[in-house]
1. List every residue pair whose Cβ atoms sit under 7 Å apart, with the two residues 6 or more apart in sequence or on different chains, where the first one lies in region 72-85 and is closer than 12 Å to I110 by Cβ and the second, anywhere, is surrounded by 12 or more Cβ atoms within 10 Å (Cβ to Cβ) and at pLDDT below 95.
2. Whether any residue in region 133-142 is buried (at least 16 other Cβ atoms within 10 Å of the Cβ) and either more than 17 Å from the chain's Cα centre (by Cα) or within 18 Å of T29 (Cα to Cα) (or both) is what I want to check.
3. Mind checking which residues of region 115-125 are touching a strand residue (DSSP E or B) at 6+ places or on another chain (Cβ under 9 Å) and surrounded by fewer than 24 Cβ atoms within 10 Å (Cβ to Cβ)?
4. Counting only residues that are hydroxyl-bearing (S, T, Y) and in a strand (DSSP E or B), which one in region 80-100 is least open to solvent (accessible area, probe 1.4 Å)?
5. Of (1) open to solvent by 30 Å² or more (accessible area, probe 1.4 Å); (2) outside any strand (DSSP E or B); (3) out of contact with any Lys or Arg (no Cβ under 8 Å at 6 or more places or on another chain); (4) in contact (Cβ under 8 Å) with a residue 40 or more places away in the chain, I103 satisfies all except one. Which?
6. If G77 passes every condition in (1) open to solvent by 10 Å² or more (accessible area, probe 1.4 Å); (2) out of contact with any Ser or Thr (no Cβ under 6 Å at 6 or more places or on another chain); (3) part of a loop (DSSP other than H, G, I, E, B); (4) more than 18 Å from I28 (Cα to Cα) but one, which one does it miss?
7. Give region 143-168 a look and list any residue that's touching a Ser or Thr at 6+ places or on another chain (Cβ under 8 Å), surrounded by fewer than 15 Cβ atoms within 10 Å (Cβ to Cβ) and outside any loop (DSSP other than H, G, I, E, B), or say none.
8. Every residue in region 8-57 that is more than 14 Å from the chain's Cα centre (by Cα), among the hydroxyl-bearing types (S, T, Y) and either modelled with pLDDT of 80 or more or within 27 Å of V139 (Cα to Cα) (or both), please.
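The values are calculated or read from the model by the stated rules, or taken from the named source; none is laboratory data. Bear in mind that the values here come from a model prediction, so they are computed numbers and not experimental data. Don't worry about glycine lacking a Cβ; one is built from the backbone with ideal geometry, like all the others, and counts go over all protein chains shown. Heads up: the accessible areas ignore ligands, DNA and RNA and are worked out on the full protein's heavy atoms, side chains in. Shrake-Rupley method; radii C 1.70, N 1.55, O 1.52, S 1.80 Å.
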Amino acid sequence: MKILNYKLLLCVLVFLSFSKYSSGQDKITKALNSWNQGTIPYAYVDNLPETDSIVFLDTREKEEFEVSHLKNAIWVGYKKFDEKKVLETITDKSQTIIVYCSIGVRSEDIGEKLKEMGYTKILNLHGGIFEWKNKGREVFNDKEIVTDSVHAFSKHWGKLLHEGIKVY
């Protein structure tokens with residue numbers, strides 16, 4: 001009987017620890033499911049290939065980009081999205097592009113615009129820069145120096161950022 005109780009307790013503890021571990025990701029996923037249409041497929045931080053052939057486009061506002069961005073990311077903005085700049089910068093429309101923002105909502109909108117412009121390999125970074133930082137990846141400031149600061153967009157959305165220093 002003691003062995004059965006021990007096994008049951010062990011199963012409960014494993015379940016609770018898994019639930020606690022995955023709850024942050026679940027909140028991001030829930031937010032994305034409620035705000036996004038799923039028109040741009042996701043790329044996941046843990047499954048990205050280590051390659052320089054991917055172009056990262058930052059779809060946040062300029063102030064957010066200057067605080068923190070992914071290495072070698074190109075700022076394209078959201079409200080001030082400039083199609084001409086993209087067309088001049090990325091001439092190969094079959095180039096793999098990963099768009100990102102704070103968690104992946106604004107980047108889906110920009111991904112849709114890129115699709116309309118004729119780009120064919122567009123992915124949306126699931127969880128955006130928040131998930132990138134939450135997974136321990138490096139971000140860079142406007143001087144291209146590694147930073148712990150991450151622009152958290154707002155107090156509401158900043159709740160999804162668990163690592164780094166939140167900047168508003």
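1. V76/D82; V76/K85
2. Yes; the residues of region 133-142 include at least one that is buried (at least 16 other Cβ atoms within 10 Å of the Cβ) and either more than 17 Å from the chain's Cα centre (by Cα) or within 18 Å of T29 (Cα to Cα) (or both).
3. Kept after step one, since they are touching a strand residue (DSSP E or B) at 6+ places or on another chain (Cβ under 9 Å), are these residues of region 115-125: 115, 119, 121-125.
Residues satisfying the conditions are K115, Y119, K121, L123.
4. Residues of region 80-100 that are hydroxyl-bearing (S, T, Y), as a first pass: 89, 91, 94, 96, 100.
With in a strand (DSSP E or B) added as a condition, the list becomes 96, 100.
Numbers: T96: 44, Y100: 0 Å².
Across region 80-100, the extreme among qualifying residues is Y100.
5. (1)
6. Failing condition for G77: (1).
7. The answer is S149, I165.
8. Hits for region 8-57 are Y21, S22, S23, S34, T39, T51, S53.
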